[in-house]
Structures are given as C-alpha cells and as structure tokens.
Amino acid sequence: MLKAGTANANYQRIWATVKAIPRGKVASYGQIADLAGLPGKARLVGRALGFAPKDLAVPWQRVINSQGKISFPPGSEYFEKQKGLLQSEEVVVLNGRIKLKQFQWQPDLTELLFTLQY
C-alpha cells in the first residue's frame, strides 16, 4: 500500500505523462507507467486516471491496453465515449481496437528529456 503523499506524487507523474501524449496518438497503461518511472504499475495508471481532476484536462481516452484495445466493456457508456473521443482525434477504432503500429505514441529522446520532467 502506498502512502498518501507517495500516491499523490505518482498520480501527478502519471497525469503529466498522459498529458504529453499527442493528439491522434495512444499509449498503453504499461507504457505510461514505464515513462512515468513506475515500471510494472500499469494498474496504478488506470486508478490514477480515474482520480484525475476534471480541471487538469488529462486526455484519458488516449490510454488503452497493451493489445491495442479499449479496456471498457464494448457497448458501455465509457467505451462509446472513449471511442468517440479517439475518433474525433482521427484515431481509427475498429471493433474497439486501435492499430498500435499506426497510432502508438513513440516519444523521441527530446520529448522524454524536455516534456517529461519529474
């Protein structure tokens, strides 16, 4: 169990990392955890996104599972919302799946050094 201060600091890192995903790109929960310096904490990413303050405008829809799928149950309210938000960013979603080869965010060294500062 993480202490409250640690959890908050980790959430801040996760939110900052997700905010760095460019429009029209996606990243997996595990990828976000790795980039935030929290390897093996993919589930923490999901939890942090659920607690993201609305005014922070974290683009949660850009985070999908490692198989390139939307994690919400197909047809559910959040599945449809995520799918719609991704499609509005010109991400192609077919049967709840996104082609990672085409749409996965692959940050370069410059992005890592200057965008993701923790």
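The values are calculated or read from the model by the stated rules, or taken from the named source; none is laboratory data. All values reported here derive from a predicted model rather than from experimental measurement. A quick note on method: Cβ atoms are made from the backbone with ideal geometry, for glycine too, and the neighbour counts reach across all protein chains shown. Calculation scope for accessible area: heavy atoms of the full protein, side chains included, ligands and nucleic acids excluded. Shrake-Rupley method; radii C 1.70, N 1.55, O 1.52, S 1.80 Å.
Would you pick out the residues in the range 71-105 that are in a loop (DSSP other than H, G, I, E, B) and not β-branched (V, I, T)? S71, F72, P73, P74, G75, S76, E89, E90, N95, G96, K99, W105 - these are the residues of the range 71-105 that are in a loop (DSSP other than H, G, I, E, B) and not β-branched (V, I, T). Scanning for something touching a residue at least 40 places away in the same chain (Cβ under 8 Å) and either surrounded by 13 or more Cβ atoms within 10 Å (Cβ to Cβ) or in contact with a strand residue (DSSP E or B) (Cβ under 6 Å, 6 or more places away or on another chain) (or both), does the range 6-14 turn up at least one residue? Looking through the range 6-14, at least one residue is touching a residue at least 40 places away in the same chain (Cβ under 8 Å) and either surrounded by 13 or more Cβ atoms within 10 Å (Cβ to Cβ) or in contact with a strand residue (DSSP E or B) (Cβ under 6 Å, 6 or more places away or on another chain) (or both).
Would it be correct to say that K83 is crowded, with 16+ Cβ neighbours inside 10 Å, without any contact (Cβ under 8 Å) to a residue 24 or more places away in the chain and not small (G, A, S)? It would help to see each step written out before you state the result.
Values: crowded, with 16+ Cβ neighbours inside 10 Å: yes; without any contact (Cβ under 8 Å) to a residue 24 or more places away in the chain: yes; not small (G, A, S): yes.
Against the criterion (crowded, with 16+ Cβ neighbours inside 10 Å, without any contact (Cβ under 8 Å) to a residue 24 or more places away in the chain and not small (G, A, S)), K83 qualifies.
Does R47 satisfy the condition of being open to solvent by 70 Å² or more (accessible area, probe 1.4 Å), farther than 14 Å from Q12 by Cα and part of a helix (DSSP H, G or I)? Against the criterion (open to solvent by 70 Å² or more (accessible area, probe 1.4 Å), farther than 14 Å from Q12 by Cα and part of a helix (DSSP H, G or I)), R47 does not qualify.
Conditions (1) hydrophobic (A, V, I, L, M, F, W, C); (2) touching a Cys at 6+ places or on another chain (Cβ under 6 Å); (3) surrounded by 11 or more Cβ atoms within 10 Å (Cβ to Cβ), marked per residue:
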| residue | (1), (2), (3) |
| --- | --- |
| P59 | no, no, yes |
| E77 | no, no, no |
| V92 | yes, no, yes |
| G96 | no, no, yes |
| L109 | yes, no, no |
| L113 | yes, no, no |
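Within the range 66-79, residues that are charged (D, E, K, R) reach partners that are buried (at least 16 other Cβ atoms within 10 Å of the Cβ) with beta carbons closer than 8 Å, at six or more positions or on different chains, in the pairs K69/G96; K69/I98.
Working only within the range 32-44, note down all residues that are open to solvent by less than 30 Å² (accessible area, probe 1.4 Å) and under 18 Å from F103 (Cβ atoms). Passing the criteria: only I32.
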